[in-house]
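Okay, so here's the structure we're looking at.
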């Protein structure tokens, strides 16, 4: 399951502070017919300088965009494709989706049953209220994905964290102010795939985890034998990831924890000639980096993927993108991924990540709840 200030998820960024975003605008000549112009590549936006205290009260003039390299013109055939692909997460003893409906979901996280808002749950609940009423924690407040609120504990006041384990990795579940709990279980589909690739590669693999949040994916990769670079712009998220590493007694595993804006990091890695065998990217819809860098998924995703292509190793295994955005279609990111990976061979498979309801005891398969879109390029 970001390059921003925590606790906003999955890839945490801080909320918008109102700074305007500047985009180059082509101008027509003063006379004569208008000449056709090409739309410029949108550059990655840097923070506008703060106005001096003595300046008159007026709208601050934003700084010009930092020049970004143009998108590469890719040649060759597009990779093969598999669409639509539905990657499903089923229940386990540590996590399961018990029920969903009426705009909410009831989940089991370790020892606790939790109720949270879920806009995708358009149907009615399958289980009676008596089951839902046994929840240990309920999120109340803003139901938007990044909306703030608070937790209610109907039975007994619970602490901020509790121990959990997925794919053999110990970590802390956590009640945050943004309804998230420190892990996105639908990502288990990607993590299981990555774990298998690392364990069977027959050689050391380098994994880059962009917008890495609380580090569960990084710990899964490292415990499987990979050398991992974890990047997130939130110091608090990096701190939580290190706590998870200590909890799992994995302090000696080869993980670099980088607190930096994800786009700045990969641009520097491209200049350095750094290479990775697997790249995981879980960007937010919108966010800001630690120095005010602006991220817009629809504006900056093409360049991000383009740079990721350049820092894939010659024997790369895969490039995985997850997008939590209801505005997009999985076909949008599918075609973008295929264009980005022209000439690289392999296959691009795209679709949705879903979680299957499994009932109170984990034995009754129910409806599938869609959580996000994904596209991943795999070399073979």
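The values are calculated or read from the model by the stated rules, or taken from the named source; none is laboratory data. Because the structure is predicted, anything quoted here is derived from the model rather than measured. Note: ideal-geometry Cβ built from the backbone for every residue, glycine included; neighbour counts use all protein chains shown.
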Somewhere in the stretch 249-265, is a residue at pLDDT 95 or above, surrounded by fewer than 17 Cβ atoms within 10 Å (Cβ to Cβ) and in a helix (DSSP H, G or I)? no
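Does residue 187 satisfy the criteria of being within 17 Å of residue 97 (Cβ to Cβ) and within 17 Å of the chain's Cα centre (by Cα)?
Yes; evaluated as a whole, the condition is true for this residue.
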I'd like the residue in the stretch 195-222 that is touching a strand residue (DSSP E or B) at 6+ places or on another chain (Cβ under 6 Å) and in a helix (DSSP H, G or I) and, out of all such residues, is surrounded by the fewest Cβ atoms within 10 Å (Cβ to Cβ). 222
Test residue 237 against the stated conditions and say whether it is over 17 Å from residue 320 (Cα atoms) and either in a helix (DSSP H, G or I) or more than 19 Å from the chain's Cα centre (by Cα) (or both). yes
Among (1) more than 20 Å from the chain's Cα centre (by Cα); (2) surrounded by fewer than 16 Cβ atoms within 10 Å (Cβ to Cβ); (3) on the phi < 0 side of the Ramachandran plot, which single condition is residue 273 missing? (3)
Mind counting the residues in the stretch 317-365 that are part of a loop (DSSP other than H, G, I, E, B), in contact with a helix residue (DSSP H, G or I) (Cβ under 8 Å, 6 or more places away or on another chain) and modelled with pLDDT of 95 or more? 3
Extreme residue, surrounded by the most Cβ atoms within 10 Å (Cβ to Cβ), among residues of the stretch 79-107 that are at pLDDT 95 or above and out of contact with any strand residue (DSSP E or B) (no Cβ under 8 Å at 6 or more places or on another chain): 101
Options 290, 302, 283, 314; residue that is within 25 Å of residue 228 (Cα to Cα), outside any loop (DSSP other than H, G, I, E, B) and out of contact with any strand residue (DSSP E or B) (no Cβ under 6 Å at 6 or more places or on another chain): 302
Working only within the stretch 304-318, note down all residues that are farther than 20 Å from residue 68 by Cβ and buried (at least 20 other Cβ atoms within 10 Å of the Cβ). 316, 317, 318
